């Protein structure tokens with residue numbers, strides 16, 4: 001779809017606050033549609049490495065219109081899993097690439113003329129701080145630490161590893177270890193899989209939240225939250241980047257539909273419903289993993305908080321619109 005050919009009732013100005021994945025995608029789509037976009041960067045810590053699965057890769061390719069944007073990135077072709085008390089190790093195919101969050105945002109960032117966002121009709125909050133009206137709800141206590149690592153000779157550089165332990169879990173890709181629930185040294189001391197792959201560990205970085213969280217309200221007259229300002233996912237499920245992209249696609253579609261004359265209140269209600277439904281689905285996936293990961297107090301506590309989050313989301317509503325490409329269409 002050629003977004004620039006759509007007809008607008010007004011050339012809405014949009015201010016995007018943030019410089020991560022959601023901010024870059026939203027700016028890309030709105031700029032391609034001919035809207036006036038200003039970007040206000042906000043500083044925050046970036047993840048040193050993330051995995052992009054096949055669905056997310058396809059999404060980005062569709063947005064950029066480029067088939068070779070993945071060139072040169074390390075690829076992961078298998079996942080080695082030891083999940084649950086005394087679980088057997090299994091190996092399953094995986095299709096992913098490894099990239100730092102900063103490098104991904106840079107590849108996605110559009111070239112836009114500098115504009116003043118003071119007169120913007122819409123603001124897209126793509127990273128913290130939250131808008132004054134919003135409050136964060138979180139469903140868990142778990143925190144994570146990332147640590148640079150060097151694999152042993154003979155360790156498979158095309159694999160990633162995931163392992164559950166008594167009070168947490170670990171995820172390893174070539175070059176980086178993520179420890180959730182307990183310090184890396186504690187989990188490595190209990191490990192029966194991941195510790196065997198590592199020759200040397202660097203110093204642990206600062207802790208960061210690994211529990212799911214959501215802002216509410218997610219939108220209001222003239223503004224929407226997306227990316228890390230809207231939702232944060234447990235890294236276990238591996239869809240944080242993909243969901244941030246989908247949020248940005250939906251946010252840009254809402255703004256374009258409003259500029260074409262659609263009723264803003266209905267668009268905002270649909271936006272919130274879609275994001276809450278996505279958060280609920282994420283929590284349901286977390287429930288599957290955390291119910292099987294272990295049987296101790298740590299696992300039970302996190303599982304109870306996940307259940308509270310699912311209850312908070314409520315039942316999935318009937319959606320008022322659906323995406324057709326990058327454009328919203330009303331559902332009859």
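A short reminder: the numbers here are calculations on the coordinates, not readings from a lab. Keep in mind the model is a prediction, meaning the values are calculated, not measured. We place every Cβ from the backbone using ideal geometry, glycine too, and count neighbours over all the protein chains shown.
Divide the volume of the convex hull of the Cα atoms of segment 272-315 by its number of residues and quote the answer in cubic angstrom per residue.
53 Å³
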* Asked: What's the angle, to the nearest 10 degrees (0 to 90), between helix 264-293's Cα axis and the longest principal axis of the chain?
  -> 10 degrees
* Asked: Between Rg and the Kirkwood Rh of segment 183-332, both from Cα atoms, what is the Rg to Rh ratio?
  -> 1.08
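Dividing the Cα convex hull volume of segment 87-228 by residue count, how many Å³ per residue is that? Could the numbers behind the result be given before it?
On the way: hull volume 24.1 nm³, N = 142.
Output value, Cα hull per residue: 169 Å³.
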* Efficiency of FRET between residue 62 and residue 260 - r from beta-carbon atoms, R0 25 angstrom, step 0.05 -> 0.70
* Asked: Pairing the Cα long axis of helix 297-313 with the longest principal axis of the chain, what angle in degrees results, from 0 to 90 and rounded to the nearest 10?
  -> 20 degrees
* Structure fact -> Computed from every Cα-Cα pair in the chain, P(r) in 10 Å bins starting at 0 and rounded to whole percents is 5, 25, 32, 23, 11, 3, 0
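If eta is 0.890 mPa s and T is 25 °C, what Stokes-Einstein diffusion coefficient results for segment 143-208, Kirkwood Rh from Cα pairs, in µm²/s?
Details: Rh = 11.6 Å.
Taking Rh from Cα pairs, D becomes 212 µm²/s.
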* To do: Considering only 241, 87, 273, give the residue with the highest GNM mean-square fluctuation for the chain, with springs between Cα atoms whenever their separation is below 10 Å.
  => 87
* Structure fact -> Checking rank on 275-288, 294-307, with mean other Cβ inside 10 Å and highest first, the result is 275-288, 294-307
* To do: Return, ordered by residue number, the residues of segment 38-55 whose backbone nitrogen is under 11 Å from a label point located 7 Å along Cα→Cβ of residue 70.
  => 52-55
* Before rounding to the nearest 500, sum -39500 (n - 2.57) across all DSSP H runs of length at least 4 in the chain and divide by the residue total; then give [θ] at 222 nm in deg cm²/dmol. => -10500 deg cm²/dmol
* Relative to the longest principal Cα axis of the chain, at what angle does helix 54-64 sit, 0 to 90 degrees, rounded to 10? -> 30 degrees
* Structure fact -> Across 10 Å bins beginning at 0, the whole-percent shares of Cα-Cα pair distances in segment 187-252 come to 17, 33, 25, 16, 8, 1
* **Cα gyration tensor, segment 52-142 - rounded (a/c under 1.5), prolate or oblate** => oblate
* Structure fact -> Semi-axes (Å, rounded, descending) of the ellipsoid equivalent to segment 253-332 per its C-alpha gyration tensor are 35, 11, 9
* **Most mobile of 69, 169, 83 in a GNM of the chain (Cα contacts under 10 Å)** => 69
